[in-house]
1. Among the residues of the range 173-201, how many are basic (Lys, Arg) and surrounded by fewer than 23 Cβ atoms within 10 Å (Cβ to Cβ)?
2. Where the second residue is among the polar types (S, T, N, Q) and surrounded by 15 or more Cβ atoms within 10 Å (Cβ to Cβ) and the first is assigned to a loop (DSSP other than H, G, I, E, B) and lies in the range 87-100, which pairs have Cβ atoms under 6 Å and are six or more apart or on separate chains?
3. Quick one: Thr10 ticks every box in (1) surrounded by 15 or more Cβ atoms within 10 Å (Cβ to Cβ); (2) β-branched (Val, Ile, Thr); (3) at pLDDT below 95 bar one, so which box is it?
4. Considering only residues that are buried (at least 24 other Cβ atoms within 10 Å of the Cβ) and free of Cβ contacts under 8 Å to residues at least 60 places away in the same chain, which ones fall in the range 284-300?
5. Across the range 210-222, what is the total count of residues that are surrounded by fewer than 24 Cβ atoms within 10 Å (Cβ to Cβ) and hydrophobic (A, V, I, L, M, F, W, C)?
6. Can you name the condition, by its number, that Lys153 falls short on among (1) in a helix (DSSP H, G or I); (2) closer than 28 Å to Glu301 by Cα?
7. Could you tell me whether any residue of the range 207-223 is part of a helix (DSSP H, G or I), within 24 Å of the chain's Cα centre (by Cα), under 19 Å from Phe68 (Cβ atoms) and free of Cβ contacts under 8 Å to residues at least 60 places away in the same chain?
8. Check off (1) at pLDDT 95 or above; (2) within 29 Å of Leu231 (Cα to Cα); (3) not charged (D, E, K, R) for Gly386 and give me the number that stays unchecked.
Amino acid sequence: MTTRRTFLKTVAVATLAPAVVRAQGAANVVVVGGGFAGATAARTLKKLNPALTVTLVEPNATFTACPFSNGVIAGLRDLLQQQFGYDNVQRAGVTVVRSTVTAVDAGPKTATLADGTKLSWDRLVMTPGIDIRWDGLPGYTEAAAEKMPHAWKAGDQTLLLRRQLEAMEDGGLVVMSAPANPFRCPPGPYERASLIAHYLKTKKPKSKLLLLDAKDAFSKQRLFQDAWKKLYPGLIEWVSLSQGGKVSSVDPSTLELSTDFSKHKAAVANVIPPQKAGAIAAQAGVADRTGWCPVDPVSFESTLVAGIHVVGDAAIMGAMPKSAFAANAQAKACAAVIVEKLAGRAPVEPRLLNTCYSLVGPEYGITVAGVYRPDKGLLADIPGAGGTSPVDADDAVRGLEAQFAEGWFKTITAEVFG
């Protein structure tokens, strides 16, 4: 019988096995961005070929993880549990440079840092993550985010939203908005709504949550909605696109969110706005008109600029969602490809796994998993290889799923940063 843990180990080994043969000679690989994708790529490159010079450029001394940050908002976790340093990345032989890449030039193959230093590279791995489209929702600006936090980048915004919930009077209305696809972590808004509902149920039972959505369907929808009926009856109201749920503008001075048909005044407003690849992607020429980065699904090399690979949330990966699990898997496969290419060998077509855990309550977890392969220039689902948690599972199974989620977070953060 194949267990979930055995399956994950098998996929991880299969992903990396083709590239274990070392490349001949030394080469420079620069990795831009130190999140799940970037730190994984840097460590995997060094592991597969210790002769490589691998430089990771990251401006922050501490990485703050988005997975499980909804628990911080709901008062279930401390932000310190989300934060990780880069000491062990350095001990693995990676040179970590505390700076920002301000320009990438694929001609001379250089990356320019904030102080003007230029790093040369034979291959460049870009993991810029996401940026907010400040022009994507009328009224929503960087200043507005201080009153109507998005909290879609973990850290100060996470704590701001938590403080606002704590300060809200019992009976206040929490209004959330979820964007149209694509965006980071498709189940994220619905996990957040669930955990905020748990906070309201236990701390401010007269309050309610209104979730305005720019979509008619979302990830793990039936699992979430069944759980809401069971755990939070009458507490969460979800308004879909076809019911007038798409937010067309916001007013931070009044905490109002407007749709085509109505206005909603919030006591606490959590606006999750449209997103795009991190700004350096556009400067480097690897982002297209959608704001995201098209890549070859076998090599993860940009289809717009040769020699630059893009993995993680910034990349267009077809059916594979934007998640930490996906970023980690893509980064391993990308590192293996680079080692092969530097050795003059053709890369092996990857099979990639993604699992998204969501907490609906502290002891209630649900899961969706998929396996992906390149197909027609994108990553496509392998039919029958994935699935979701059972719809009719009992509380014991949901409790185990919550434990699996906690175990996954500890495992991936230990692997990447530990």
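1. Summing the residues that are basic (Lys, Arg) and surrounded by fewer than 23 Cβ atoms within 10 Å (Cβ to Cβ) in the range 173-201 gives 2.
2. Within 6 Å, no pair qualifies.
3. It fails just one condition, (1).
4. Within the range 284-300, Ala287, Val295, Phe300 meet the criteria.
5. Summing the residues that are surrounded by fewer than 24 Cβ atoms within 10 Å (Cβ to Cβ) and hydrophobic (A, V, I, L, M, F, W, C) in the range 210-222 gives 4.
6. Evaluating Lys153 over (1) in a helix (DSSP H, G or I); (2) closer than 28 Å to Glu301 by Cα leaves (1) as the failure.
7. Checked the range 207-223: no residue is part of a helix (DSSP H, G or I), within 24 Å of the chain's Cα centre (by Cα), under 19 Å from Phe68 (Cβ atoms) and free of Cβ contacts under 8 Å to residues at least 60 places away in the same chain.
8. (1)
The values are calculated or read from the model by the stated rules, or taken from the named source; none is laboratory data. Every value quoted in this text rests on a predicted model; they were computed, and no experiment measured them. Positions of Cβ are generated from backbone atoms using ideal geometry, with glycine treated the same way; all protein chains shown enter the neighbour counts.
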